[in-house]
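> Sharing a structure here in structure tokens format.
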Amino acid sequence: MWHQQTGADRAQWRTADTPFEVDLYDGELTPKGAYAIGEGGTIVADTGTGWHVVVEGAAPTADATSVRAMDSTSAGERLWMVGTGGSLACYDVSKGELFEYDYPVEMASVWEGIAISGDAGEEKGVAADGRGGILPFSVDGHDVDWGTVDRPDENERIDALAASPDGIAYTIDTGGIAYKTTIKDGWSATGTVKPDTTFHDLDAWENERVYVSADDGCLYRYDNEPDDWAPLGVTGGTGVVSIDLHDEGDGYPQMCALGADGALYERTGPEEWERTALPTDEPLIDLALGSPDLVVGANGTVLVRERNEEFHEEDPQSADAETADGGDVDPADADDSDTDAPDPPDEPDA
């Protein structure tokens with residue numbers, strides 16, 4: 001069952017003090033703390049003593065670089081990041097070391113997405129360039145074996161990219177077509193999600209449970225069959241810029257969406273999303289759930305929400321809780337079962 005505390009019982013979002021003003025595009029939670037990346041090739045973090053700049057210019061051509069996307073290994077030991085100016089790098093959070101990589105010459109000098117699966121030192125990844133090409137790679141220690149660039153559709157660019165813990169990569173292009181692959185298999189289409197729609201974020205779990213956020217205010221859920229992408233109304237029309245799912249294994253999976261209106265939408269039932277206004281007027285870009293929950297955005301904006309012992313305690317939804325008008329919801333999601341809870345992991349197939 002989807003469950004969140006409501007009202008005064010829930011921990012509140014707060015604006016973190018940050019000594020930087022760079023736009024932040026992506027955030028990740030690691031065993032060493034919260035990290036974010038942004039313009040100028042900047043890596044920032046809070047490792048327990050407050051937010052600070054960890055690396056300035058995390059790229060071979062830092063003067064022209066914004067680090068646009070980041071993903072972590074399975075336990076968060078390494079952060080892989082890509083961006084404009086040809087940057088592709090890995091940051092080891094335990095050692096505090098940055099490793100920069102050269103990539104095949106046929107790739108573009110602008111990267112727009114990266115997705116990682118596996119443990120540090122043996123991870124597998126895919127990186128998307130600005131022309132619709134996707135480059136697979138695998139890692140042995142810190143040595144990278146580059147694969148062959150593939151383009152699911154020669155006429156489209158990549159809107160969103162993700163990899164599941166069981167080694168399957170997913171992408172959606174600017175034509176609204178979704179694809180999946182493994183390291184050993186080519187890209188295969190999984191149907192049209194919705195034409196003429198911009199997609200912002202993908203989140204992939206085991207057993208092909210995949211969600212993508214869209215400009216039309218919906219999440220679309222992949223139901224493991226071609227062309228079967230079920231719309232879940234979230235914001236009532238405001239674009240959904242970022243999504244995340246979190247499961248601590250206690251039977252209460254958490255799903256949240258970040259709206260273009262600067263609000264957080266938390267799933268409280270099959271057809272229910274509770275809207276929370278966030279304490280900033282700055283544009284917000286990315287959401288990460290964990291300990292703590294994290295939102296990052298423009299001009300060095302960082303919002304955090306700490307968790308407490310009562311966070312998952314079962315409690316009826318309060319009568320005055322604000323529930324978002326989610327619009328039409330696919331009947332496949334309109335029951336009271338746990339169909340959207342993350343499934344138990346399978347053995348990796350790549």
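The values are calculated or read from the model by the stated rules, or taken from the named source; none is laboratory data. This is a predicted model, so every value here is computed, not measured. No Cβ is skipped: glycine too gets one built from the backbone with ideal geometry, and neighbour counts run over all protein chains shown. Note: accessible area is taken over every heavy atom of the protein model, side chains too, but ligands, DNA and RNA are not part of it. Shrake-Rupley method; radii C 1.70, N 1.55, O 1.52, S 1.80 Å.
> In region 276-284, is there at least one residue being assigned to a strand (DSSP E or B), surrounded by fewer than 19 Cβ atoms within 10 Å (Cβ to Cβ) and touching a Gly at 6+ places or on another chain (Cβ under 8 Å)?
So far as region 276-284 goes, yes, one or more of its residues are assigned to a strand (DSSP E or B), surrounded by fewer than 19 Cβ atoms within 10 Å (Cβ to Cβ) and touching a Gly at 6+ places or on another chain (Cβ under 8 Å).
> Then there's this: Name, by its number, the condition in (1) without any contact (Cβ under 8 Å) to a residue 40 or more places away in the chain; (2) in contact with a helix residue (DSSP H, G or I) (Cβ under 9 Å, 6 or more places away or on another chain) that does not hold for A230.
Every condition holds for A230 apart from (1).
> Quick one: is G86 in contact (Cβ under 8 Å) with a residue 60 or more places away in the chain and buried (at least 18 other Cβ atoms within 10 Å of the Cβ)? Lay out the reasoning, then the answer.
Details: in contact (Cβ under 8 Å) with a residue 60 or more places away in the chain: no; buried (at least 18 other Cβ atoms within 10 Å of the Cβ): yes.
Answer is no for this residue.
> Given the criterion at pLDDT 90 or above and out of contact with any strand residue (DSSP E or B) (no Cβ under 7 Å at 6 or more places or on another chain), identify the matching residue among D201, D215. Don't jump to the end; show me each part of the working.
On the way: D201 fails: out of contact with any strand residue (DSSP E or B) (no Cβ under 7 Å at 6 or more places or on another chain).
Step by step, each of D201, D215 is checked, and only D215 is at pLDDT 90 or above and out of contact with any strand residue (DSSP E or B) (no Cβ under 7 Å at 6 or more places or on another chain).
> Right, here's the next one. Evaluate the following for G262: is it crowded, with 22+ Cβ neighbours inside 10 Å, at pLDDT 95 or above and farther than 21 Å from A163 by Cβ?
When the stated conditions are applied, G262 does not pass them.
> Being modelled with pLDDT under 95 and within 16 Å of the chain's Cα centre (by Cα) is the requirement here; does A160 meet it?
Considered against the rule, which asks whether it is modelled with pLDDT under 95 and within 16 Å of the chain's Cα centre (by Cα), A160 comes out as no.
> For region 177-200, what are the residues that are of a type outside the set (A, V, I, L, M), closer than 14 Å to A115 by Cα and touching a residue at least 60 places away in the same chain (Cβ under 8 Å)?
The one that is of a type outside the set (A, V, I, L, M), closer than 14 Å to A115 by Cα and touching a residue at least 60 places away in the same chain (Cβ under 8 Å): T182.
> Still on this structure: Being modelled with pLDDT of 85 or more and either crowded, with 23+ Cβ neighbours inside 10 Å or not in a loop (DSSP other than H, G, I, E, B) (or both) is true for just one of A69, A75, A58. Which residue is that? Steps first, answer last, please.
Numbers: A75 fails: either crowded, with 23+ Cβ neighbours inside 10 Å or not in a loop (DSSP other than H, G, I, E, B) (or both); A58 fails: modelled with pLDDT of 85 or more.
After applying the criteria, what remains is A69.
> Within region 241-251, how many residues turn out to be buried (at least 19 other Cβ atoms within 10 Å of the Cβ) and touching a His at 6+ places or on another chain (Cβ under 8 Å)?
So the count comes out to 2.
> Then there's this: Is it true that some residue in region 112-129 is farther than 27 Å from G33 by Cβ, open to solvent by 10 Å² or more (accessible area, probe 1.4 Å) and outside any strand (DSSP E or B)?
Scanning region 112-129, I find no residue that is farther than 27 Å from G33 by Cβ, open to solvent by 10 Å² or more (accessible area, probe 1.4 Å) and outside any strand (DSSP E or B), so the answer is no.
> If you don't mind, another one. Can you tell me which residue among T190, T171 is among the hydroxyl-bearing types (S, T, Y), buried (at least 21 other Cβ atoms within 10 Å of the Cβ) and under 15 Å from A69 (Cβ atoms)?
Within the list T190, T171, the selection yields T171.
> Anything in region 133-157 that is loosely packed, with under 15 Cβ neighbours inside 10 Å and assigned to a loop (DSSP other than H, G, I, E, B)? List them, or say none.
G141, H142, T148, E154, N155
> Taking only region 293-303 into account, find how many residues are surrounded by fewer than 19 Cβ atoms within 10 Å (Cβ to Cβ) and at negative phi. Lay out the reasoning, then the answer.
Our first condition is that a residue be surrounded by fewer than 19 Cβ atoms within 10 Å (Cβ to Cβ); within region 293-303, this holds for 298-299.
Going one step further and asking which of them are at negative phi, we end up with 298.
Matching residues across region 293-303 total 1.
> Given the criteria loosely packed, with under 14 Cβ neighbours inside 10 Å, over 20 Å from L278 (Cα atoms) and modelled with pLDDT under 85, does D63 qualify?
Yes: the conditions hold for D63.
> What is the number of the single condition among (1) farther than 20 Å from H200 by Cβ; (2) open to solvent by less than 20 Å² (accessible area, probe 1.4 Å); (3) in a strand (DSSP E or B) that D166 does not meet?
The failed condition is (3).
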